[in-house]
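A.B. asks: One structure, as structure tokens, below. Some questions next.
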Amino acid sequence: MTDETLKNMLSRTADNLYWLARYVERAEYIARILDTTLRLTALPLAYVGTTNEWESAVATAGCASAFFEAYKEANEETVTEFLAFSTSNPSSIRNCFESARLNARAVRTALTIEMWDAINSAWLELKRWGNGPSSREECARFLRWVQGSSLQFDGSAYRTMLRNDAYWFSRLGVYIERADNTARILDVKYHLLLPAIEKVGGPLDYFQWTAILRTVSALTAYHWVYRENVKPWLVADLLILRDEMPRSLASCYENLVQNLDRIANAYGRQGPAQRHARTVRARLENAKIEDIFQSGLHEFIDEFVEDNNRLGTAVTQQYLL
Amino acid sequence: MFDEMRGSGDAVRPAYAELSQWLAEVKPDVLDFRRREAELLFRRIGITFAVYGDPEAQERLIPFDVIPRIIAAKEWETLRRGLEQRVKAINAYIKDVYGRREILKAGLVPEDLVFQNPVFRPEMNGQKVPHDIYVHIAGIDIVRLDADTFYVLEDNARTPSGVSYMLENREIMLRLFPELFSRYRVAPVENYPDELLETLKSVAPPSASSEPNVVLLTPGVYNSAYYEHSFLADKLGIELVEGRDLVVKSDVVYMRTTEGLKRVDVIYRRIDDDFLDPLVFRPDSGLGVPGLMSAYQAGSVTLANAVGTGIADDKAVYSYMPEIVKFYLGEEPLLKNVPTWRCREDEHLAYVLDHLEELVVKEVHGSGGYGMLIGPKADKASIAAFRAKLKSDPKNFIAQPTLALSTCPTCVDEGIAPRHVDLRPFVLSGRTRTRIVPGGLTRVALKKGSLVVNSSQGGGTKDTWVLDN
């Protein structure tokens, strides 16, 4: 049965809401990557090894090739500039906020005043940071501010939006982006999580594992869930399969299925997006971390990224065009 | 020189008595603090305005002055009746021009003025529009020269803007100066969106249901008035659509929604005729909707305002307005026209060329204060340059005396000083009646002595208070 009280929503409005949420989520993720990398690189080399963490940061942000077209070397200065302030990197924090606000302006009427205020203030505040912080301390403050702005936006959406299709579409944006981000960090760091590593691993890897957890704000959650030392396969378990972990792939898909179902119920019609999301969700529900390792963590993640992209396309075709 | 507060002498006019006293009592730093607070509020709400060709100022605030402009109840009554009359005549004139053309046959308005006007739309010849209303939303620019005389400076019959400032200025004033409101009985303006929605629904095509689907069509986020478009759509509770959101099938207009196509009955369009439909008007326009004109001509959708209303609001037709009012309504015009020389007529042209130093010369189709000469403020060289321009195409210009626009006390850097103001009230014409919310947009020229109030040229705005009896 369709919900008669539901007002028709422009496809473009749904599209703007979806991307607004994605860009805000992405900005926060990029800020977390930078935050974690700054932490790792502050440790003495003996603890983290000689890998170039800045290079890894660019890869985790998913823009390695674009970065190396613009810069020769990945270091604190170049990576911070590229990921946070660059105008040429479409996923830089600055551009995420620009795009988010542009989308927000286009759907002002679908936002609550609190959401508009959050995104508009963030955009205005960003201008005050000019071309970037001048010290590590300032940089840390900047990154905290980015995360705070994202929380503020997400919080105002959660607390003030009517629970109708506008809300559900913006949630789809959040969870598709979040799933993509978590999958990407797994993709870059998967070799550190393979069980074999434990044998050769020492304190070196420990800091890498905790860094991964930090990037998805799950360090405390880990200890609550497992009540033991950080073990790589448990890190993978937490990030992939645990429903209770908000940034896990499983949790993202639980939410995606739920929000897609709400849309389908309101419109009285199921479609390819709902079916696809349910398939992915079922796979995550039925999987065990041992099996995933058995058949290949890397392959599993690759396939997931593909599937997640496919869901994005399905949502676009079904609703946003 | 007439001042809204002090008249022509030094005695405070009755409507301003309380304000004058309040201004004398209030501490300068309080006023200054509220001023800054107002700017912050505007910035946060995002009420901005884009100036074309100025990339630095892509989103600029229109300066807001916290001292209200006050109109007494009796003055407003005069204005209201005059505005209603004028817009009635404008609607009758447009209907006539696209219909029987009696005013042209009577020789009161020259034919070439109509037919050679680029905004004349032959597509509208013989076209019926619901309830014969063409201009559903009019913005009439009024200036005042003395206590008794209001002049119409310009009629805006296409897509007049500025009403969001009327509404937001009031909201901000209510927030910042509640104590001042307690001293006055100010007629509310907040019902404007409801009145507008009623007006738009009342002109839905016969095919529409009892709850017609009304949308607002915007050129998009890069348009200078985008803020206003989204603001109004929000207040009216209607969809804010862009051209790409609409599609025409078998002469019916639909919008693309997440649930498929939905029929559209009334389009409040804030996009010029030229860009409405690339199949009929500018083929390079990506802002419009292919097939929209065909649906419009088939009568399945109402456009507000109608297509082709520009023939009633350019500055050459303006000079005929007193005749137009008399011709259709058989009444004397209640609002005066500023004396206007039409450079298309030889005698007028000769006079204008002889008196350039004292006249304001405007392009017939110009707007926003661009392309005009203000004789008394211009130097010799620019007068000479303008003279050549005028001679080469006299038809394109009209001239008016430099008007001593009334002034109103305004907060400026030096303190409180008189600055020139005008007023744009908004007139809504629907199926059964005309609605005018008591108020309007008061624009103020912030530069000392300046007469140009346009926001694109450094003008600001004020809240406009119409007093209730």
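The values are calculated or read from the model by the stated rules, or taken from the named source; none is laboratory data. In this text the structure is predicted, and so the values were computed from the model without any measurement. Every residue, glycine among them, receives a Cβ derived from its backbone with ideal geometry; neighbour counts consider all protein chains shown. Just the protein is used for accessible areas: all its heavy atoms, side chains included, with ligands, DNA and RNA removed. Shrake-Rupley method; radii C 1.70, N 1.55, O 1.52, S 1.80 Å.
A.B. asks: Read through the list (1) touching a residue at least 12 places away in the same chain (Cβ under 8 Å); (2) closer than 29 Å to B:TYR134 by Cβ, then give the number of the only condition that B:ASP393 fails.
C.D. replies: Answer for B:ASP393: the failing condition is (1).
A.B. asks: Still on this structure, I have one more. With the condition kept exactly as written, say whether any residue in region A:37-49 is more than 28 Å from B:GLY243 (Cβ to Cβ), in contact (Cβ under 8 Å) with a residue 24 or more places away in the chain and not in a helix (DSSP H, G or I).
C.D. replies: Yes, region A:37-49 contains a residue that is more than 28 Å from B:GLY243 (Cβ to Cβ), in contact (Cβ under 8 Å) with a residue 24 or more places away in the chain and not in a helix (DSSP H, G or I).
A.B. asks: Give the residue that is nearest to the chain's Cα centre (by Cα), with candidates limited to residues of region B:195-211 that are closer than 25 Å to A:VAL107 by Cα and at pLDDT 95 or above. Talk me through it step by step, then tell me what you get.
C.D. replies: Of the residues in region B:195-211, the ones closer than 25 Å to A:VAL107 by Cα are B:195-201, B:211.
Applying the additional criterion that residues be at pLDDT 95 or above yields B:195-201.
Numbers: B:GLU195: 17, B:LEU196: 15, B:LEU197: 18, B:GLU198: 20, B:THR199: 17, B:LEU200: 18, B:LYS201: 22 Å.
That would be B:LEU196.
A.B. asks: If the requirement is being touching a Leu at 6+ places or on another chain (Cβ under 7 Å), at pLDDT 90 or above and more than 11 Å from chain A (Cβ to nearest Cβ), which of these qualifies: B:PHE177, B:PHE181?
C.D. replies: Exactly one residue qualifies, and that residue is B:PHE181.
A.B. asks: Moving to a separate point now. Taking the residues in region B:192-208 that are of a type in the set (S, T, N, Q) and touching a strand residue (DSSP E or B) at 6+ places or on another chain (Cβ under 9 Å) as candidates, determine which candidate is nearest to the other protein chains (Cβ to nearest Cβ).
C.D. replies: For region B:192-208, the residue satisfying everything is B:SER207.
A.B. asks: Just one of A:ARG178, A:ARG227 is over 27 Å from A:GLY148 (Cβ atoms) and of a type in the set (Lys, Arg); which is it? If you could, list the steps in order and put the result at the bottom.
C.D. replies: Numbers: A:ARG178 fails: over 27 Å from A:GLY148 (Cβ atoms).
Just one listed residue meets the conditions, A:ARG227.
A.B. asks: Further question on the same structure: What residue, of A:ALA166, A:ALA157, is more than 14 Å from chain B (Cβ to nearest Cβ) and either assigned to a helix (DSSP H, G or I) or open to solvent by 10 Å² or more (accessible area, probe 1.4 Å) (or both)?
C.D. replies: A:ALA157
A.B. asks: Can you tell me which residues in region A:76-90 are closer than 18 Å to A:PHE142 by Cα and either within 21 Å of the chain's Cα centre (by Cα) or open to solvent by less than 90 Å² (accessible area, probe 1.4 Å) (or both)?
C.D. replies: A:GLU76, A:THR78, A:VAL79, A:THR80, A:GLU81, A:PHE82, A:LEU83, A:ALA84, A:PHE85, A:SER86, A:THR87, listed by residue number.
A.B. asks: Which residue out of B:ARG419, B:ARG387, B:ARG435 is touching a residue at least 24 places away in the same chain (Cβ under 8 Å), in contact with a Leu (Cβ under 7 Å, 6 or more places away or on another chain) and assigned to a helix (DSSP H, G or I)?
C.D. replies: B:ARG387
A.B. asks: Determine if region B:260-277 includes at least one residue that is open to solvent by 50 Å² or more (accessible area, probe 1.4 Å), in contact (Cβ under 8 Å) with a residue 12 or more places away in the chain, assigned to a strand (DSSP E or B) and of a type in the set (Lys, Arg).
C.D. replies: Yes, region B:260-277 contains a residue that is open to solvent by 50 Å² or more (accessible area, probe 1.4 Å), in contact (Cβ under 8 Å) with a residue 12 or more places away in the chain, assigned to a strand (DSSP E or B) and of a type in the set (Lys, Arg).
A.B. asks: With the structure loaded, tell me whether B:LEU153 is open to solvent by 30 Å² or more (accessible area, probe 1.4 Å), touching a residue at least 40 places away in the same chain (Cβ under 8 Å) and within 30 Å of B:VAL338 (Cα to Cα) or whether it fails that test.
C.D. replies: Yes: the conditions hold for B:LEU153.
A.B. asks: Looking only at region A:218-250, count every residue that is in contact with a Lys or Arg (Cβ under 7 Å, 6 or more places away or on another chain) and among the hydroxyl-bearing types (Ser, Thr, Tyr) and tell me the total.
C.D. replies: Residues flagged as in contact with a Lys or Arg (Cβ under 7 Å, 6 or more places away or on another chain) and among the hydroxyl-bearing types (Ser, Thr, Tyr) within region A:218-250 amount to 1.
A.B. asks: Scan region B:250-259 residue by residue and report those that are closer than 27 Å to B:PHE120 by Cα and either surrounded by 17 or more Cβ atoms within 10 Å (Cβ to Cβ) or in contact (Cβ under 8 Å) with a residue 12 or more places away in the chain (or both).
C.D. replies: B:ASP251, B:VAL252, B:VAL253, listed by residue number.
A.B. asks: Taking B:ALA306 as the residue in question, decide whether it is touching a helix residue (DSSP H, G or I) at 6+ places or on another chain (Cβ under 9 Å) and closer than 20 Å to B:HIS136 by Cα.
C.D. replies: For B:ALA306, the condition - touching a helix residue (DSSP H, G or I) at 6+ places or on another chain (Cβ under 9 Å) and closer than 20 Å to B:HIS136 by Cα - is met.
A.B. asks: Does B:PRO418 qualify as being open to solvent by 30 Å² or more (accessible area, probe 1.4 Å), assigned by TED's automatic domain parsing to the domain that holds B:VAL30 and touching an Asp or Glu at 6+ places or on another chain (Cβ under 7 Å)?
C.D. replies: yes
A.B. asks: Here's a follow-up. If you take the residues of region A:98-150 that are assigned to a helix (DSSP H, G or I) and of a type in the set (S, T, N, Q), which of them is farthest from the other protein chains (Cβ to nearest Cβ)?
C.D. replies: Checking each candidate, the answer is A:GLN147.
A.B. asks: Can you go through B:ARG69, B:ARG80 and tell me which one is modelled with pLDDT of 90 or more and in contact with a Cys (Cβ under 6 Å, 6 or more places away or on another chain)?
C.D. replies: Within the list B:ARG69, B:ARG80, the selection yields B:ARG69.
A.B. asks: Which of the residues spanning region B:75-133 are in contact with a helix residue (DSSP H, G or I) (Cβ under 7 Å, 6 or more places away or on another chain) and open to solvent by 70 Å² or more (accessible area, probe 1.4 Å)?
C.D. replies: Correct list: B:LYS88, B:LYS95, B:GLU102, B:GLU111.
A.B. asks: Filtering region B:236-266 down to residues that are of a type outside the set (Gly, Ala, Ser) and more than 14 Å from chain A (Cβ to nearest Cβ), which residue is farthest from the chain's Cα centre (by Cα)?
C.D. replies: B:LYS249
A.B. asks: So, restricting to helices (runs of 4 or more DSSP H) that lie completely within region B:59-128, which ones have at least 3 residues that are in the same structural domain as B:ARG36 (by TED's automatic domain parsing) and in contact with a Ser or Thr (Cβ under 8 Å, 6 or more places away or on another chain)?
C.D. replies: Hits in region B:59-128: B:73-97.
A.B. asks: For region B:220-235, how many residues meet the condition of being open to solvent by 40 Å² or more (accessible area, probe 1.4 Å) and within 8 Å of chain A (Cβ to nearest Cβ)?
C.D. replies: In the first step, residues of region B:220-235 are kept if they are open to solvent by 40 Å² or more (accessible area, probe 1.4 Å); the result is B:222, B:234-235.
After this cut, where a residue has to be within 8 Å of chain A (Cβ to nearest Cβ) as well, the list is B:234.
Looking only at that region, the number is 1.
For every residue, the table says whether it meets (1) closer than 16 Å to A:THR36 by Cα; (2) at pLDDT below 90; (3) assigned to a helix (DSSP H, G or I).
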{"position": "A:TRP54", "(1), (2), (3)": "yes, no, yes"}
{"position": "A:VAL58", "(1), (2), (3)": "yes, no, yes"}
{"position": "A:ALA66", "(1), (2), (3)": "no, no, yes"}
{"position": "A:GLU69", "(1), (2), (3)": "no, no, yes"}
{"position": "A:ALA74", "(1), (2), (3)": "yes, no, no"}
{"position": "A:THR80", "(1), (2), (3)": "yes, no, yes"}
{"position": "A:LEU83", "(1), (2), (3)": "yes, no, yes"}
{"position": "A:ASN89", "(1), (2), (3)": "no, no, no"}
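A.B. asks: In region B:92-107, which residues are small (Gly, Ala, Ser) and at negative phi?
C.D. replies: Of everything in region B:92-107, those that are small (Gly, Ala, Ser) and at negative phi turn out to be B:ALA92, B:GLY99, B:ALA106.
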